[in-house]
Every structure is written in C-alpha cells, then in structure tokens.
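Data first, discussion second: the structure below is written as structure tokens.
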Amino acid sequence: MDPSPRALTPLLIVLTLSTGVVEAACFLQLGPVFTAMQTGNVLFLAFGAAGEGGLSTMVPAVSLGSFAVGTVIGARMEPRLEARTHRWLVLALAVEGLLISAAGLTAWGLVLSPSTTSARQVLVTAVLAVAMGMRNVTTTRAHVPALSTTLVTTSTTTALLSSSPFGHDPAIGHRAGAAKRRSASILAMFVGGLIGAYLIHLGWSVSALLFLAAAVVLATTVVYVRQPNPTRGEDPPAPE
C-alpha cells in the first residue's frame, strides 16, 4: 500500500533541504551547473551556445542527459518495486542515497580549477543528475500535492501567493495544507542552499557536502521506515 501524504510530508521537506545542499555543491564548486533544477541548465546551455558568460555547453548538457537517464531508470524501477513490496519508496530513496554517496566518493580529493573542468567533475555531476532524476520520479509517485523536493519554481511561488488571503484566486484554492507545504518547500530549499553555501565558506569539500546530503537522505529514510506503515486509505489527500 502507498504511504499517505500526511506521513510523507516531513520526509519530503527534509529531502528538499538535501537538494539545496547538493545544488550548492554543484553550482558553487562543480559548475556552474544544476543537477535537480534543470531549467537552469537549459539556460546555461543556451548562454554557452551563444558564447556568452564563459559558460560551458558540455556540463549542462551532461546534467540534462543524466537527469533524463535517472528519470527513465526511476520510472522503470519504482513500479516494479511497488508490485513486489509496499516499501518501494524506501528502496528508491536508498538507491538515491547510495548514488549521492558514490558521487561523493568520486569527488574525493578532487582539485577544482576555475579555468578548466575535469572529467571527474563531469562524472560527479552526471551521477548526481541521475540521482535527482530518480528523485523526481519518486516525488511524483508519492502524490503529495503542492510539494516538490527538487525545485522551487515560479509556479510554486505563484500558487502560494495567489491562493493566500492576499491573492485569494478561487481557481487555485485556499487549503491551508497546500499553502503550508508550498511554504515549507521554499523554506527548506533556502535553508539547504544556505547550509551548503556556508559550509563551502568554511572550507568544506565537494565530497564532504555530498556525504552530508547522502547522510540526510539515508537517515531520513531510516527514520521513516521505523514508523508504522500508513496507507493512502487511512488519510486520503483532500482536493486542492
């Protein structure tokens, strides 16, 4: 049986925080590149193709392609896991945590240069993008409305403000639960990015940041798996 949205909300919020840490490592140390927020990579690729900003076209292209691969892997793997066990979500997140750990190991001792991009940097980016592509599938299949763990888009912010007492757009809805999840998503991404950037300021390496993000994912998964297994039928999601 699928977990309920209420049970999954804290898990997904913490995972959003881990995304902020990962993206801090990618943009500030490996990049500029993103591995979860692929809209940024589309623009980096466009700017690089135009020869402006000194941006590489290879790294964002690798991230985009690897994210697509991760999405396909997740879409193939997770339904099969769900058909065999009600713990498909736990197994999917465990694989993600191991992939982030593998990226951290790959980045071990990596010397970064502002003028060149090494093959190892590209490989680390690719592994992380695969993990984030899988995460996107996991989040979508979790069916928690108004909460994404891999990006905070303008649509999220627009929906939050439009459905607030200030905007009060009847087409979007005014459910307090959705507003809280949207707010938590934005805040978690900010806090994760802030933590990652501050740790870089303190001298943390790419590996250290990725090991931290992997530990957050795996520890959160362990905490979740130790709880009673809730089902969707016990807590049906209310319409937005």
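Coordinate-derived values only; no laboratory data. Computed from a predicted model, the values in this text were never measured in an experiment. With ideal geometry, Cβ positions are generated from the backbone for all residues, glycine too; neighbour counts draw on all protein chains shown.
Rounded to the nearest 20 Debye, what is the dipole magnitude of the stretch 1-105 about its Cα centre when Lys and Arg each give +1 and Asp and Glu each give -1 at the C-beta?
Here the size comes out at about 300 debye.
Count charges around Ala103 for me, please; just the other residues with Cβ under 15 Å from its Cβ, Lys/Arg as +1, Asp/Glu as -1.
In short, 0.
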